[in-house]
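Working notes for the structure below.
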Amino acid sequence: MLAVAPLALFALSTADLPIDPLRLAVALGPVVTYLLAIGRLNLGRRPQLVTGVRDTTALCIALAGMAIVGPIELFFPMEAAANFGAYVTWALCIALYALLASFLVFSERPRLVVYNATFGLVREVLEGLTTSLDEHAQWAGHTLALPTLGVELHLGTSPGMRCVTLTAANERQSLAGWRRLEAALRAALAEIEVDRNPLGLSMAVIGVLVGVAVLLMLAGNPEAVARALREMMLL
């Protein structure tokens, strides 16, 4: 009864879902975790700086469940599973996804992401740091050049979110310079206090509601979960 309570709000039952509870949990579990993590970053009283590598890695992990029950299962190599077993084949498919995600992550240009901060705040902090980082620093619109550090970046923002990105403006960048910039920016942001972002609360609430609904459906439909597991493992 509890398992169908969240769906009853939308006049749905578990039988109306186009996907079984196990696959739904696999698809939405990482997304729920991602929403909770981003919500936590936005509910703090200080801006949070993360590297582009961590930001993209977190997004790839959030989408991993959808990839598993989507294209990976759709194009699952049945012949390989017959020869090597379903468990080994699933492990190889997930490893292939991890390799593709790693290629995407490490092929990106250097990038920094500041959560729970406005565009104006990040620009003001950068302007205060430029004199100490590079006396030859120059602004051109939303682009900042730090020639001594070997860094040239473009400031961007996400509409509707207090999230600012610092992205390399070209391929010729100094990783050591980016690390110096990251350390200086992280230290400067740690001294700034900001208001909590209401969007963070919305994301956290959505994540909790979806997570609870999925857990209740798993607990209330053990037969469907076992059947889906046998289908996926070819048992």
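Residue count for segment 171-193 under the criterion of being in a loop (DSSP other than H, G, I, E, B) and touching a residue at least 24 places away in the same chain (Cβ under 8 Å): the result is 6. Does segment 149-161 contain at least one residue that is within 22 Å of Leu36 (Cα to Cα) and surrounded by 17 or more Cβ atoms within 10 Å (Cβ to Cβ)? Yes, because at least one residue in segment 149-161 is within 22 Å of Leu36 (Cα to Cα) and surrounded by 17 or more Cβ atoms within 10 Å (Cβ to Cβ).
For (1) exposed (fewer than 15 other Cβ atoms within 10 Å of the Cβ); (2) assigned to a helix (DSSP H, G or I); (3) more than 19 Å from the chain's Cα centre (by Cα); (4) in the same structural domain as Arg180 (by TED's automatic domain parsing), each residue gets a yes or a no:
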position: Pro30; (1), (2), (3), (4): no, yes, no, no
position: Leu36; (1), (2), (3), (4): no, yes, no, no
position: Ile72; (1), (2), (3), (4): no, yes, yes, no
position: Ala81; (1), (2), (3), (4): no, yes, yes, no
position: Val88; (1), (2), (3), (4): yes, yes, yes, no
position: Ala91; (1), (2), (3), (4): yes, yes, yes, no
position: Tyr97; (1), (2), (3), (4): no, yes, no, no
position: Val114; (1), (2), (3), (4): no, no, no, yes
position: Arg123; (1), (2), (3), (4): no, yes, yes, yes
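Among residues of segment 203-235 being assigned to a helix (DSSP H, G or I) and of a type outside the set (A, V, I, L, M), the one that is surrounded by the most Cβ atoms within 10 Å (Cβ to Cβ) is Gly207. Taken as a whole, the structure leaves Val164 outside the set of residues that are closer than 30 Å to Leu22 by Cβ, in contact with a Ser or Thr (Cβ under 7 Å, 6 or more places away or on another chain) and touching a residue at least 40 places away in the same chain (Cβ under 8 Å).
The values are calculated or read from the model by the stated rules, or taken from the named source; none is laboratory data. Note that the structure is predicted; figures quoted are calculated from it, not measured. FYI the Cβ positions are ideal-geometry reconstructions off the backbone, even for glycines, and counts take in every protein chain you see.
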